[in-house]
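Presented below is the structure to which this report refers.
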Amino acid sequence: MEIQEIKQRLTLAMLLQHYGLKADKQNRLKCPFHNDKTPSLQLYYKTQTAYCFSTNCNTHGKAIDVIDFILYYEKCTKHEAIKKAESIINPGAVTTQTTAPKQANEKAMFLERMFTYFKNAVHNSKPAREYIESRNLDHKQLEIGYNAGQFHHGARKDESLINDCLKYGILLDLGLKSRTGETAYKPFGKWCIVFA
Ligand SMILES: [Zn+2]
């Protein structure tokens, strides 16, 4: 959710209710951001901001918008305050909204890394370059990779790589075993030229 949208949808009244705070008739309350004896925090419903008049207060001198309010109240980062604001506006919806783009991003980053590796393999494989030329394709112009099927072997073999490969379909576990008794995976597009 954009900060602008949060500020449109989240009101001070919602925050007071969320944190169990109550303002007096003059829209003032004992400031929750410092040890306040008299109500020093003035609420301005017109601008949806608050202002603490106490010089003892961390927030003194600045107008506090709804996101700052959460930030000071929770003593958290701005990023966390935004997440919290979203969860107050939209209880229950936040977890799926925040995790889905992250997963998509991890997948894209992983596949990009693999494709870079496949592209480099074209430079290292004369037969692959000859085959690409025979198909009238120019690997210097086009984004073409070559998968020798070795990316999960030798020095490159590590568990997190293999797990990511399995997760994103670059390796398939068909339940086969190699001669040494280890699990043998079937690589996606082995001995093929590959395109992103
Ligand atoms: Zn204060």
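The values are calculated or read from the model by the stated rules, or taken from the named source; none is laboratory data. Keep in mind the model is a prediction, meaning the values are calculated, not measured. So basically every Cβ, Gly included, is an ideal-geometry build from the backbone, and we count neighbours across all protein chains shown. We work out accessible area using only protein heavy atoms, side chains counted, and drop any ligands, DNA or RNA first. Shrake-Rupley method; radii C 1.70, N 1.55, O 1.52, S 1.80 Å.
The residues of region 28-56 that are part of a loop (DSSP other than H, G, I, E, B) and in contact with a helix residue (DSSP H, G or I) (Cβ under 9 Å, 6 or more places away or on another chain), listed by number, are Pro32, Phe33, Tyr45, Gln48.
Taken over region 157-196, residues that are closer than 18 Å to Met109 by Cα and part of a loop (DSSP other than H, G, I, E, B) amount to 7. Scanning region 9-23 for residues that are exposed (fewer than 12 other Cβ atoms within 10 Å of the Cβ) and of a type outside the set (Lys, Arg) yields a single hit, Gly20. Look at region 1-15: where a residue is touching a residue at least 24 places away in the same chain (Cβ under 8 Å) and a partner is open to solvent by 70 Å² or more (accessible area, probe 1.4 Å) and part of a helix (DSSP H, G or I), sitting 6+ places away or on another chain with Cβ atoms under 9 Å, you get Met1/Arg9; Met1/Gln97; Leu15/Tyr73.
Residues that are of a type outside the set (S, T, N, Q) and touching a strand residue (DSSP E or B) at 6+ places or on another chain (Cβ under 6 Å) within region 101-126 comprise Phe115, Phe118, Lys119, Ala121, Val122, listed in sequence order.
Tell me, which residue of region 29-45 that is without any contact (Cβ under 8 Å) to a residue 12 or more places away in the chain and open to solvent by 90 Å² or more (accessible area, probe 1.4 Å) is farthest from Ile88 (Cα to Cα)? This residue is Lys37. Tell me the residue from Gln26, Gln48 that is under 20 Å from Lys84 (Cβ atoms), away from the ligand (no atom under 11 Å from the Cβ) and either modelled with pLDDT of 95 or more or buried (at least 18 other Cβ atoms within 10 Å of the Cβ) (or both), please. None of the other options fit; the residue is Gln48. For region 92-114, the count of residues that are in the same structural domain as Gly189 (by TED's automatic domain parsing), touching a helix residue (DSSP H, G or I) at 6+ places or on another chain (Cβ under 7 Å) and within 30 Å of Glu143 (Cβ to Cβ) is nonzero.
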